[in-house]
Every structure is written in C-alpha cells, then in structure tokens.
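First the structure, in the form of structure tokens, and then the observations on it.
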C-alpha cells in the first residue's frame, strides 16, 4: 500500500530517493509468514519505514547527497539500521537530504529537490527533509533522521509531523555520514539520530528500538529509556516562551503558541510564560560555544577535505575547546534550573512556517521583517542543540496559508520518557497529526 | 566491644540499626584506634573527633525516635583530602589550600553523609594527587601499616592505610592512573575504580576550586573498604547523575549472582612486557591452578593478541592526560611538568612520548587521541564478548609496596631496576585509559609479608559482574586480613 502511495505521490515530492521495493516486499512476506506461525520478529514487526540517506544501509545505495558517493553501497548497516532491522522493521528505502546534510532545505546535485507535501513550492526543511515529507505524505510510517542544528526538528515542524531529538549520547551515530567512513568519527557532541513519525507513541517506540550502546561507540551509555505512564493535565506544569533566544517569531507562530498555552491551561495544566534567560541561560553564549565545538570537531573529522569552500580557520586550540565545553556545562546548569519547577519548556522551532524554496543563505521574510537565513532557520534550535537536552517537535496549528506550525517541547537531559509523556498530553489537547491534503498527480 | 573497629560498613550499619551497638560506641572505637596507631602511620590528617561524636549522638537519638537516615546510618567514614567537605579543611595536599574550608560537600561525600555516614576526618595524599606515594608539604608522609618503611601507595594512600589500620569503616578515594588501585593493593584492602563517568567528580580537587574543568576523561571516584559488600553499598550510594557533572548518565548498577567457581570463565594477563615480581607472578599462577581445579575456565592471555596494544595504550594515555591536565596550564608550565615526568623515564617510553606530543595540543590532536582510545576500548570489549570472559585478572603493579623513596627513583623489582612510573602504573593505566571498572582485591602476600592484590577488570558499566566474580574468587583467596598488630 505504501509502495503504491510512493508511486503516486513521490514524483511530486521527491522525498524517497532510493527505493528497495523488492527487498521490502520480500521482508514483508517473511514478516507475514512469521506472524502466521505465531512468531514475532520484534517490536517493529513488519513495520515499513524509511531512513535518511545519511545512514549506511548494507547493499542499499547511501549517498548523503554527496556526488562522489552517488553509487556507494555500504557493506555494513549503521547502528540504528541494524537495530531497526533486528526489531523486525521493513526498510522501504532512503529519504532525501541536502548535500552532506549541510542545509535547512533539501536539495542536492544527485537527486534534486524535495518539496513540502503541504505546498510543493515550499521546502520541507532539512536536513531530514525527505524523511519528514515522506512521513507527512504517508509514504512511510516513520523515518529515522538526524539532528545537529535542527535537522529533525525543522523538517518535522515544516511538514506537520512529530520528531524527537533524543538526549545526546542515547543513540549511536555509528554508520551515519558525514563524516564519511574513511574519516575519523570525530563528532562527539551535538549530533544525534532521531525518529520522525505521526504520533508521540511512535516516537517512543522507535526511540526504544534505536537507543543503546554499540561496540564501536563506547561513549553511548546503556542508560535505559524507561517508561512513563500517561500524565494527567493537573500534574503537569509547563513553561513556554514564544519569543526565545532573543528573537520574536511571526505573529502566526506567536498566536499558535499562545493558543496552545491557553488550550493546555483549559485542559487543566499549569502553564506559565517563562524565558530561561531569566535563569541565566544565555543563548548567544550557547551559539558561541557550539560554534567553537563544531569547528573543532568538524575540523578533526576532516570537513575541509569535503568542503573546500569552507573557510580555512586556524586549528582550534585545546584550550578553546575545553573552555567551550566548560561553558556548555554552565549553560546546561542554567537552562535546566527551570526543570525544578516545570516538566517541560515550549518554544518555537523556527520564526516562520515552511518558506518558499530559495537558494541557501538568502533572506527569509517574517511578517514585515527580513531575517537572515541563519536567523530564520537556526535561532531556536541551535542553542538547545548545545545542551544535549531531549526535544519533541509537535504540530500544534497552522498559519493563514495553511502551513503547519510546530513547537519544541524540551525536557531535561535523560528525561526522554517523561518528556514523551508530556508530549502525549500536548498531542491529546491539540488533536494530533493531520495529513496534508493529497494532491492529484 | 573490643573489636568494633575491625568491622565493616555494612556490618556496622546493621548492628547500629538493630541497636546491637550505638553509633557513639562505634565512633569511639575508631577514635581509639586512631589515637593508638595514627601517629606512626599518619593516614588521618584532619580529625574532627568532637563533630563526629556529636553527629553519632544525633544518629543514635534519631534511631531511638524511629528515624533512619539511610543505609549508612551512624557509620563512621573517612575521606581522601581531595574531596571537598563542608566546614572541614580540604587541602588536596597542596600548600596554597592549607586553610581552605569548602562551603559545600563534594557530591560523593554528600551522598555518603546523606545515607547517614558520620565523617571522622580526612586522609592523606600526595600534592594534588600526583604521585603513587602519599607525601606533601602540609602533612608529611603516610606510612604503610604493614611496614612503616614502605609506602601505602597513592594518591589515595591515606585512604587505603586508614582502611587497613581500621581507622574507619569506609573510605572514599579517586583514581586517575591507579590512585585507588595501587594503594588498595599495597595495603591489602579492596578498592574500586568504577566505570568512567559512573560517579560524579563534582567537588574533587583537582580540579582546583573555581578553575575550569578540562579533565573530562579517565578520572574516577570510588570506595575503599574491607569487604566487597562495603564496596557494593558505597558504589550504589555515590553513583549516578547529580545535576552538576553532566557527563554522568543514568546507568543502573544492577546486581549479579556470585557464579559457582566451576562456572567461571576468566582471562589472566601477567604479561605486560614489564618486569613482575616473582611473588606476584606466583600468586597468579597459584590462583589459576586453584580455579582450574575447581572446574573454572582460565585463559592466559596477552592483551596485544586481542588488538589492545599496550604501547599504543600508554602513548594515548600520555596524550590525553597531558592534554586534559595541561589545558589549564601555560605551555611553559606544561613543558616543565612533562620534563619532570620524563626525567625519570627511558627515552623510548611511550607514555612520556605521548605526553610530550600533547604539549599545547590542538583540539584536532586531542580528538584524534580520544578516537584512538575508543578503538582500543572497542577492541577490549570485543575480546570480552568473543572469548566470553566474565573478568580479566591482572597484577596491580610490578611488585608489592615499595619502600619510601624520592619520586622518580628506579624501583627494585627482584633483581631488576624498573623506572619509577613504569613500576607504579604500567598495569593500571591501560585500564584507566579504557575507562572500564576495576576492583582491586587481596590476592596473596609476598615472602616478606606485604600484601599483593589483583585487578579484577570488566567491560564498561560491568561493575555488577566485576563484584560477582570477585566474590567467587574471594572463596579462594580469602578476604581482608588486618596487618599484624592492628
């Protein structure tokens, strides 16, 4: 059925860029046979899903939208792919990404551009743009993306689906490109795989499958995800800030968040406007620290080799790197102060809904203002990336053009299960996922 | 009761809880033991007898009211002077801190106190924990209770000596290259170096108070005690995130049943390309024989055969240690520190080479070192998995407790002169690098009566397995025995 939907809708969306129809059918038949025999292959038994084209899939083209890899067939599955398969999932294919994941839109020289199922003239976001589009359009039941500066959160928001950026260090990056396999896996912070799906429950299910140690990544600790029972609204105290990190979002975004706050309050939650800046969280310092850490780690991972246009910065000193990590510690402490009082913090994902396709780096209008590309994409996500805190992205409304508006629901480090329970409550109040209207071919 | 000071933490906790003994009695017994022996040993360097008695009295009163503070209610402990103790002098053995009185407890200290422990005082260490002897300009030298002419080890030397001499029921130490393990071995007690990032480092010196923390790996906090039960209880109390040290993830400890000896599958490695005293070697040979006789599977190995290259481990250790410890120093200070270290080692020493390469390191160099480390850890884990080892046993150092000497003096291991640092940390530092849990347990004695311990090594996060195997091995080796006269 999904293959039929892919056949019908993918040409307009260009979300799924490598399809393994044969392999998927084979796996599906095997899953059905197993079920008929009373056997189960795991918690994702027979569930068809896609995986971002950044994750190595053994025997199935993996490009990361990087032309030298256009025909690359990895020998080994990425850690998350192994886990999905071990849980019985059926891999339908790979979803589109920008060149080396380096953009908040999804376009590249190998496969071209992915379009937003809500409006083909707009971007689905990036870098997990293909994944979010596929899930929104019903081409796949779920996708596994990855998030550095917002690459699960922004597409989830732009496409009206749910996304999870887990606590840093829960999910192994083994087999995630970049860095390429011949380069040092030097990205030690900030980056994490994360699921995209149509419900909070699916996020939780997928997290439990993909989380956990893998031998090649000894820094992934065997910290159980755990479970958390459903939360009753009166138990839940939430902080929210439509203006966050010093930047006001569009009026529509602001209105959507205010409406969410009042709907949650009406449901019985205690909801307070609260900006973590008041607890000493300095978003500018966060951007500065992440810049030093990124520079050092991408340099160590050989990024200049991959991107000759990158400005050749002086090699980061260890002193500077150590200082940035220490600053990160301070910022985590400051941000997490609010979790003494609040179960979660709600803020926007980006200042606007999905914007029209445009060259990378060009300004983006936000009501009467013109925002820089960076402001319009990374303002609200990057400061949280630094902290390694778990973030659920959930659709909560639409703007006047009918484009989805999502929010970041943020919890304390390692509090993923609890955060998902809070997100489930929000899902209940907002009514959950709504699909984009199907377009005739 | 004349033998109160010989008892362990778990035992005393039970006896205090049931009212068999009072906390005050127990504190008095330890204070008497300290009064009797500490002068000679100089393990306890800050003693708060009055405060401890007050606290003990409060503990007894609380119990009488039916209150229970926790699993260590009323149990006296001492703590290495590297850990901040609120209202109690904390020096790190470092002269500029001789009068430093922290406002706050280190996390591990707070957790032990929060469990009801009564803090008797602080125990000795070398300057800023930087040696495997325990001497400093503030408090002088600590001696080994087994032979006062020998060192108790370091840097948790006062801690180990205090446990061996029965000055308290439980100790808290720290281990970078071997600072819990070497003293535990030299003093014939148990010492646990947990998995890296198992226990928060919050409140440990170094880092110097107020300084930027650049030491993100290798350093650990762990207990020393007279029994595995005590080690296990202490670990459960101090492990886990504290909302301050963000590197500690919430990994459960778990518990494993003690395997039957016949079900043991053990690797033993005594071959580190470093001299090893005959007595130490004999101890392992004996244990291997006993285990095999009991039906256990024992495999004698060389780590290099499993992709865990020791020279690479030493060099990478040197790189990371220098990079992290040096990040807070100027390049000149770094060069001076490395020269001092190097002066006592041969030119082709891989650890010294690593340190020299890491002076004024770039982040790129440092990250490359961390990645090399991860490859070595992966190799070690792979070996455990593929061979099915429950634990790996190795010596702790090249020989039993060394005589007092100037730092850097070559050490006599039987007829061989071994460079000072090699003799001290060649067996322990590879596992520091790997970040794996290691319990040191008493194995045997030397011909001149000095304790010889062994490292019981497991894969990361495998403390429960390590302790379970150690319990099985204890059936052969016996547990703690007090030094003669204590």
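General remarks:
- The distance from the alpha carbon centre of segment B:220-238 to that of segment A:17-52 is 47 Å, rounded to a whole number.
- Pair-distance profile P(r), taking every C-alpha pair of segment B:4-238, with 5 angstrom steps and integer %: 1, 8, 17, 21, 22, 17, 9, 4, 1, 0
- Alpha-carbon Debye profile of chain B, log10 I(q)/I(0) at 0.08, 0.11 Å⁻¹: -0.42, -0.83
- Quarter of Cα convex hull surface for segment A:143-294, i.e. mean projection, nm²: 10.8 nm²
- Diffusion coefficient, µm² s⁻¹, Stokes-Einstein with Kirkwood Rh over alpha-carbon pairs of the protein assembly as shown at 37 °C and 0.692 mPa s: 112 µm²/s
- Separation between Cα centres of segment B:432-486 and segment A:335-352, rounded to whole Å: 47 Å
- Averaged over the residues of peptide B:245-252, the number of Cβ atoms from other protein chains lying within 10 Å of each residue's Cβ is 6.
- Debye intensity ratio I(q)/I(0), log10, segment B:99-175, q values 0.22 Å⁻¹ (C-alpha model): -1.06
- Ellipticity estimate at 222 nm from DSSP helix runs (n ≥ 4, -39,500 (n - 2.57)) divided over chain A, nearest 500: -10000 deg cm²/dmol
- Percentage relative contact order, segment A:364-440, counting C-alpha pairs under 8 Å, at least six apart: 23 percent
- Residue A:8 versus residue A:362: modelled label distance in nm, points set 7 Å from Cα along the beta carbon direction: 3.3 nm
- Placing a pseudo-label 7 Å from each Cα along the Cα-to-Cβ vector at residue B:481 and residue B:104 gives an inter-label distance of 4.6 nm.
- Translational diffusion coefficient (Stokes-Einstein; Kirkwood radius from C-alpha pairs) of segment A:2-430 at 25 °C, 0.890 mPa s, in µm²/s: 115 µm²/s
- Residues B:69, A:118 in ascending order of nearby Cβ atoms (within 10 Å, fewest first): B:69, A:118.
- Each 5 Å bin from zero holds the following percent of Cα-Cα pairs in segment A:90-176: 3, 17, 27, 26, 19, 6, 2, 0.
- Between residue A:72 and residue A:398, residue separation times 0.36 nm minus the direct Cα-Cα distance comes to 113.4 nm.
- Quotient of Cα Rg and 2.2 N^0.38 Å for segment B:339-486, N being how many residues it contains: 1.22
- A simple spin-label model places pseudo-atoms 7 Å from Cα toward Cβ; at residue A:120 and residue A:37 they are separated by 4.5 nm.
- Normalised by the number of residues in chain B, the average gap of Cα pairs under 8 Å and 6 or more apart makes the relative contact order 16 percent.
- Working note: 222 nm ellipticity from helices only, DSSP H runs with n ≥ 4, each -39,500 (n - 2.57), summed and divided by the residues of chain B, gives -11500 deg cm²/dmol to the nearest 500.
- Normalised by 2.2 N^0.38 Å, where N is the number of residues, the C-alpha radius of gyration of segment A:33-122 stands at 1.28.
- Segment residue B:447-residue B:300, extension gain: residue separation times 0.36 nm, minus the distance between their alpha carbons: 50.5 nm
- Percentage relative contact order, chain A, counting C-alpha pairs under 8 Å, at least six apart: 18 percent
- Between segment A:367-441 and segment B:6-24, the alpha-carbon center distance in angstrom: 55 Å
Values quoted throughout were computed directly from the atomic coordinates according to the rules given, and no laboratory measurement underlies them. Being a predicted model, the structure only gives us computed values, none of them experimental. Please note: Cβ atoms are built from the backbone with ideal geometry, for glycine as well, and neighbour counts cover all protein chains shown.
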